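**Q** Below are the structure tokens for one structure; questions will follow.
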Amino acid sequence: MGRRKVMLIFGTRPEAIKMCPLVNILKGRTEDFDVVVTVTGQHREMLQQVLDVFGVVPDHDLKVMRTDQTLFDVTSDVLTRLKPILEERPSAVLVHGDTTTSFAAALACFYLQISVGHVEAGLRTHDINSPWPEEFNRQAVDIITHWYFAPTEISRQNLLDEGKPAGRIWVTGNTGVDALRTTVRESYSNPELEWAKGSRLILITAHRRENLGEPMHRMFRAIRRVMEEHPDIKAICPIHMNPKARAAAHAELDGFDRLRIIEPLDVLDFHNFMAHSYLVLTDSGGIQEEAPSLGKPVLVMRDATERPEGVAAGTLKLVGTDEDVIYREFSRLLSDPDAYAEMSHASNPYGDGHASERIADVLAEISDSTRE
Ligand code: UD1
Ligand code: UDP
């Protein structure tokens, strides 16, 4: 069928973590693919960290990031700066998930009538405002998408329920689990983990746009109250580079010697920190997919999740952003061994770590003429 040009477009940390394993698999199949990597640079430092770990060097970088960027900034810059690059007319463009990069890139492809493959298609909360703006982004991308790479049966069913054609949906597993296979190492060590040795380690992250401001202050206040009551725990909070998330973390958590706020960890470090942790508190999406494979309980500080598989597996619990609810659920997991045991089984609802290979197999079979 000949070599086809496949362009992967991504721009934030989580997209990079889930697209780089695929980049490397596609690049390994030189007989099938001519691979082009375009990064939007929606994230700068946090994107570079991931590229470095996976050894991926982009062919194009749109460098869109600005401090305190708005959704208008990111959407319009990605859209206009992609146009000349897409004029290379790849046979397929792959985007990932639900970010503004993914939405604007898919829209640019639609305007130029280039076929889009959506990696991590079909996740839904069905509430357009939660998570915001991600639920809109992922639904909008799926209107444009030609090849749907659904991570699970549930995501496939969501797509079928919306009338997407069954013959263009493939259940592949999540490529984030592919990344975990390469990062978690028995022999891993780190000075921060040495510091936490002998204590139960709590890992904390927070960044969601809808949690910025008062909800994030409540989240951190609840965590601090629990920490103060449990002298045998230590916590590490690798804080996202969003200045608003940083301000909330420092306002509520500074001056407490069993809790360290540190710079974002690179993905190799973060996965190993997770593997060494007792439990995780987060509002992140990707962490909800990684934790079940590692058997680590996660209290999800959000009102809705598009990852029901992890809830069904018992690893995730939605606790919202109410201070007292977080306080109660966090305290319970520290004091009640049965509650903890129930949430700490390892399982693989998001796949076996071979999602990228499945996506590559599908792409090797398709041709431009499949576009309807
Ligand atoms: C974005 C995605 C979100 C995803 C998250 C992952 C959208 C609308 N949001 O949200 O879906 O969950 O990434 O982390 O697409 N910053 C830096 N350096 C960096 C990265 C960010 O300084 O490397 C700062 C900048 O001031 C930037 C701000 O963080 O303006 C916010 O970044 P942005 O990508 O707009 O929002 P996120 O909350 O990161
Ligand atoms: N992660 C990381 N370093 C950190 C915190 C998280 O590498 O300091 C990884 C984490 O393992 C997961 C991804 O980043 O793969 C999640 O990204 P984030 O929470 O920023 O975005 P979301 O998944 O919510 O879109």
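The values are calculated or read from the model by the stated rules, or taken from the named source; none is laboratory data. All values derive from a computational prediction rather than experimental measurement. Cβ sites come from the backbone with ideal geometry, for glycine too, and all protein chains shown count toward neighbours. Note: accessible area is taken over every heavy atom of the protein model, side chains too, but ligands, DNA and RNA are not part of it. Shrake-Rupley method; radii C 1.70, N 1.55, O 1.52, S 1.80 Å.
**Q** Hey, does segment 169-180 have a residue that's part of a loop (DSSP other than H, G, I, E, B) and over 20 Å from the mean Cα position of the chain (by Cα)?
**A** Taking every residue of segment 169-180 in turn, none turns out to be part of a loop (DSSP other than H, G, I, E, B) and over 20 Å from the mean Cα position of the chain (by Cα).
**Q** Need pairs with beta-carbon distance below 6 Å; first residue over 13 Å from ASN272 (Cβ atoms) and within segment 176-197, second among the polar types (S, T, N, Q) and assigned to a helix (DSSP H, G or I); sequence gap 6+ or separate chains.
**A** VAL177/SER293; ASP178/SER356
**Q** Within segment 25-38, is there a residue that is within 16 Å of ligand 2 (Cβ to nearest atom) and touching an Asp or Glu at 6+ places or on another chain (Cβ under 8 Å)?
**A** no
**Q** Whether any residue in segment 243-255 is away from ligand 2 (no atom under 16 Å from the Cβ) and either of a type in the set (Lys, Arg) or in contact (Cβ under 8 Å) with a residue 40 or more places away in the chain (or both) is what I want to check.
**A** Scanning segment 243-255, I find no residue that is away from ligand 2 (no atom under 16 Å from the Cβ) and either of a type in the set (Lys, Arg) or in contact (Cβ under 8 Å) with a residue 40 or more places away in the chain (or both), so the answer is no.
**Q** Name the one entry in ILE114, ILE85 that is among the aliphatic types (A, V, I, L, M) and open to solvent by 10 Å² or more (accessible area, probe 1.4 Å).
**A** After ruling out the rest, the residue left standing is ILE85.
**Q** Can you run down the residue pairs with Cβ atoms below 7 Å, 6 or more apart or on separate chains, where the first is in segment 331-348 and among the aromatic types (Phe, Trp, Tyr) and the partner is in a helix (DSSP H, G or I)?
**A** That search, which allows pairs on different chains as well, returns TYR340/LEU333.
**Q** Of these, ALA235, ALA222, which one is away from ligand 1 (no atom under 16 Å from the Cβ), touching a residue at least 40 places away in the same chain (Cβ under 8 Å) and more than 25 Å from LEU71 (Cβ to Cβ)?
**A** It is ALA222.
**Q** Further, regarding this structure: Please verify whether VAL6 is more than 18 Å from the chain's Cα centre (by Cα), in a helix (DSSP H, G or I), buried (at least 18 other Cβ atoms within 10 Å of the Cβ) and away from ligand 2 (no atom under 15 Å from the Cβ), treating the condition exactly as stated.
**A** Judged against the criteria, VAL6 is not a match.
**Q** Confirm whether ARG66 is basic (Lys, Arg), away from ligand 2 (no atom under 16 Å from the Cβ) and modelled with pLDDT of 95 or more.
**A** When the stated conditions are applied, ARG66 passes them.
**Q** Filter segment 165-182 for residues that are under 28 Å from LEU294 (Cα atoms) and open to solvent by less than 50 Å² (accessible area, probe 1.4 Å) and give the result. Even if it seems obvious, please write down each step before you answer.
**A** In the first step, residues of segment 165-182 are kept if they are under 28 Å from LEU294 (Cα atoms); the result is 169-182.
Within segment 165-182, ILE169, THR172, GLY173, ASN174, THR175, GLY176, VAL177, ASP178, ALA179, LEU180 qualify.
**Q** Continuing with this model, one more query. Is it the case that some residue within segment 136-146 is touching a Lys or Arg at 6+ places or on another chain (Cβ under 8 Å) and modelled with pLDDT under 95?
**A** Checked segment 136-146: no residue is touching a Lys or Arg at 6+ places or on another chain (Cβ under 8 Å) and modelled with pLDDT under 95.
**Q** Follow-up question, since we're still on this one. Residues of segment 213-227 being in contact with a Lys or Arg (Cβ under 9 Å, 6 or more places away or on another chain) and open to solvent by 10 Å² or more (accessible area, probe 1.4 Å), which ones?
**A** Matches in segment 213-227: GLY213, PRO215.
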